[in-house]
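Enquirer: Can you keep this structure in mind? I'll have questions shortly.
The values are calculated or read from the model by the stated rules, or taken from the named source; none is laboratory data. Because the structure is a prediction, the values reported are computed rather than measured. Virtual Cβ from ideal backbone geometry, glycine too; neighbours counted across all protein chains shown.
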Amino acid sequence: VRLAGPDATTGPLIDPNYLGTERDVDVMAAGLAIARRIGEADALAGWRGTEIQPGPDVNDAASVRDYLKKSLLVYFHYAGTARIG
C-alpha cells in the first residue's frame with residue numbers, strides 16, 4: 001500500500017502482488033490442475049460440457065502459466081452478513 005500523491009482525498013495505491021513469485025504461479029497452476037481433475041470425474045459426466053475457461057487449448061505448463069498471469073482476478077463472496085431466523 002502506497003500513497004498515490006500528496007492529496008489526502010486520493011485513494012491509496014494497492015498492489016497485493018498476486019503471482020509475485022514463481023512459487024505463487026506454481027501453486028495456482030497446481031490448483032487449476034486439481035480443479036480440472038475434479039471436473040473430469042466420471043461422477044460429473046452427466047453435467048459436464050466443454051471446458052470454457054481456460055479451455056482445451058491451455059494444455060501445457062507454459063500456456064497454463066500464461067493464462068494465470070493474464071487472467072487472475074480477485075473475487076469476494078461475502079456471507080453471513082444477515083441474520084437468518
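Enquirer: Scanning the range 1-22 for residues that are in contact (Cβ under 8 Å) with a residue 12 or more places away in the chain and surrounded by 10 or more Cβ atoms within 10 Å (Cβ to Cβ), which turns out nearest to Asp66 (Cα to Cα)?
Expert: Once the filter is applied, the top-ranked residue is Leu19.
Enquirer: A follow-up question, please. Kindly indicate whether any position in the range 69-80 is under 30 Å from Val1 (Cα atoms), surrounded by 12 or more Cβ atoms within 10 Å (Cβ to Cβ), out of contact with any His (no Cβ under 6 Å at 6 or more places or on another chain) and not hydroxyl-bearing (Ser, Thr, Tyr).
Expert: yes
Enquirer: Looking at the range 12-44, which of its residues are among the small types (Gly, Ala, Ser), modelled with pLDDT of 95 or more and either touching a helix residue (DSSP H, G or I) at 6+ places or on another chain (Cβ under 6 Å) or part of a loop (DSSP other than H, G, I, E, B) (or both)?
Expert: Scanning the range 12-44 gives Ala29, Ala41.
Enquirer: Another question about this same structure. Please go through the range 60-81 and pick out each residue that is at pLDDT below 95 and assigned to a loop (DSSP other than H, G, I, E, B).
Expert: The answer is Leu72, Leu73, Val74, Tyr75, Phe76, His77, Tyr78, Ala79, Gly80, Thr81.
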